[in-house]
1. Which members of the stretch 462-480 meet the condition of being within 17 Å of the chain's Cα centre (by Cα) and either assigned to a helix (DSSP H, G or I) or modelled with pLDDT of 95 or more (or both)?
2. So, GLY96, is that one in a loop (DSSP other than H, G, I, E, B) and of a type outside the set (Lys, Arg) or not?
3. Looking only at the stretch 50-81, filter to residues that are among the polar types (S, T, N, Q) and without any contact (Cβ under 8 Å) to a residue 24 or more places away in the chain; which one of those is surrounded by the most Cβ atoms within 10 Å (Cβ to Cβ)?
4. Being over 28 Å from ALA203 (Cα atoms) and in contact with a helix residue (DSSP H, G or I) (Cβ under 6 Å, 6 or more places away or on another chain) is true for just one of VAL425, VAL409, VAL451, VAL382. Which residue is that?
5. Restricting to the stretch 259-286, what's the tally of residues that are over 22 Å from GLY378 (Cβ atoms), touching a His at 6+ places or on another chain (Cβ under 7 Å) and in a loop (DSSP other than H, G, I, E, B)?
6. Out of the helices (runs of 4 or more DSSP H) lying entirely within the stretch 500-561, which hold 3 or more residues that are closer than 21 Å to PHE168 by Cα?
7. Being at pLDDT 95 or above and either part of a helix (DSSP H, G or I) or out of contact with any strand residue (DSSP E or B) (no Cβ under 9 Å at 6 or more places or on another chain) (or both) is the filter here, so list the residues in the stretch 435-447 that pass it.
Amino acid sequence: MNQSFDRRRFLALVGLGAAAVTGSGGLAGCTSKGTSGDGGTNAGELSRVLPRYIPNTSVKADIQSITGKNGASSDPIFLKYPDSPVTTVSGVPGKGGSYTTMTPLWGSIPPSSGNPYYEAVNRALGATFTMQPADGNTYGDKLPPLFAADKLPDWIQMAPWMTTKLNFAKAVGEKFVDLSPYLAGNAIEAYPNLANIPSSAWAAGVWNGKLYGFPVSSTGFNSAGTYFYRKDIFDQLGIAADGIKGPDDLTALGKQLTDAKGGRWAFDDMFGGGGAYAAQIFKFPLSWDLDSAGKLIHKYETEGMLAALDWHQKLVKAGYVHPDAVAGNTETDQRFRSGKVVCHAGGVGAWNSDDAVSGTSANPRYNRQAFKALSIDGQPEVEIGSGAGWFSYLNKRLSDDQIKECLAVANYLAAPYGSKEWLAVNFGTEGDLYEMKDGNPALTEKGSKYVATSYQWLASPPSVVVPKAGFVQVAKDFGAWQAQAVQYAVKRVFFGMNVTDPAQYATIDQPVVDTITDVRFGRKTLQDYKNAVETWRKAGGNAMRDFRKSVMDRYGTGLNS
């Protein structure tokens, strides 16, 4: 649905990105001086290195974005591709250079030799990029050996949570190009499409006071996820979703919807790894936050986490959660589409036209919707990220001329939805690899074999919402959900900044995460969880709090400062 990337699996991951990042402790906030090598940047340094935001006004969305609380905004909606796509780049950006890349891919990896998609995009770029997509499920495991052997490609994609095992705060300056002299402030004017990316989206690409990363999948609204329901089943049973506002309402739904003998359960997983989804309802942070006294507190230590665990365990013991979910089977979408479960929590990227195609092929009435923001006290909070969950980096071995060529290429790759360049990057050649259907580009049979999300991992424009396969209403519904959710947007402490926690604390979370899983599925007690948290504190949780307190004292609380 988000047309920076049109592959469903990627979109689901984008929706989960905030949870994955903050849960690991790898992405947090303003830290120490830019020259110290711990990844931190104070507010003054940040303001000097962030590119100036110059929005592109040449393409108008059918439904404009809505700005809500704390500057969060919904993604604009295009109901069809513009009849006359604009040109945003004059001439060919490249100068004939050749570059290696490494990007993740969820799905079948297409042929690299003789690939007409790669050939078409390289012609448009005026440079040869050897695309080397790797299995996204194991992508992060491939990075440490490459760093250790100093065998990094010319251009590589990494998510922030992948940096925690790389001593990245130190390595970034040794391995990658400082983009600050080329892009900071008004320098970005030389690259209008990159300037169209909001300044806040670049923030997590800043390390030690210097800009290194190109933001990918930038959006005005990052949510860890939401709570979905089958509207067609609700309608069939006469249930009004607007009446569902909090955990007690969901519990009541459990009894109303569950028919185990008939093969239907009310819920799939409603908690999320580490509490990523339950955090919204029970109002605890995805990582760290400040309590009412201004003290740093981790999500593990909150009353909200305890309440969420107790709630979810009761759902399981009451028999309202599908047994496969309790057993750890993660085929959530399959159970949801088949109607075996009626409600589930998930990344917002799952709400797209591909999902509608799969669902309606089995049931023409299939209708995925999401509850409006839920909360335990009637005052919802939707934690947001700074606008980008992934970043790409240029190898420091590149010469100045090569860097400038790659910047020109990045500007082309970041062309906005509605442009000629966007079509070329995302679909290749019209009539061969794609054709227009229902006003929107769609891959041909040949295109489905060769086109893969790859160049988009190097640089991409801000995200938009669009329909596919004629499912216009799906795009409208998703956009409308975003528009209400941004009214409840909150920014936690350390919003939008980088810090690398000391390496000795890298493994202390796992025992707690494992215990959370056992407690929420009824295999252990709340006391077991409390014991695990106390062990976590002694193993380094308290020391990590002291570390982050020193960070906050010196450099503020990120873009909240």
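1. Initial filter on the stretch 462-480 (within 17 Å of the chain's Cα centre (by Cα)): 462-465, 478-479.
Of everything in the stretch 462-480, those that are within 17 Å of the chain's Cα centre (by Cα) and either assigned to a helix (DSSP H, G or I) or modelled with pLDDT of 95 or more (or both) turn out to be PHE478, GLY479.
2. Criteria met by GLY96.
3. GLN64
4. That would be VAL451, the only listed residue that is over 28 Å from ALA203 (Cα atoms) and in contact with a helix residue (DSSP H, G or I) (Cβ under 6 Å, 6 or more places away or on another chain).
5. Qualifying residue count, the stretch 259-286: 2.
6. 542-555
7. Listed by number, the residues that qualify are GLU445, LYS446, GLY447.
Condition check ((1) surrounded by fewer than 16 Cβ atoms within 10 Å (Cβ to Cβ); (2) charged (D, E, K, R); (3) on the phi > 0 side of the Ramachandran plot) across all residues:
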{"residue": "GLN504", "(1), (2), (3)": "yes, no, no"}
{"residue": "ILE508", "(1), (2), (3)": "no, no, no"}
{"residue": "VAL512", "(1), (2), (3)": "no, no, no"}
{"residue": "ARG520", "(1), (2), (3)": "no, yes, no"}
{"residue": "TYR529", "(1), (2), (3)": "no, no, no"}
{"residue": "ALA532", "(1), (2), (3)": "no, no, no"}
{"residue": "TRP536", "(1), (2), (3)": "no, no, no"}
{"residue": "MET544", "(1), (2), (3)": "no, no, no"}
{"residue": "VAL551", "(1), (2), (3)": "no, no, no"}
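The values are calculated or read from the model by the stated rules, or taken from the named source; none is laboratory data. Since this is a predicted model, take the numbers as computed values, not measurements. All Cβ positions, even for glycine, are placed from backbone atoms using ideal geometry, and neighbour counts span all protein chains on display. The accessibility values were calculated without ligands, DNA or RNA, using every heavy atom of the protein model including side chains. Shrake-Rupley method; radii C 1.70, N 1.55, O 1.52, S 1.80 Å.
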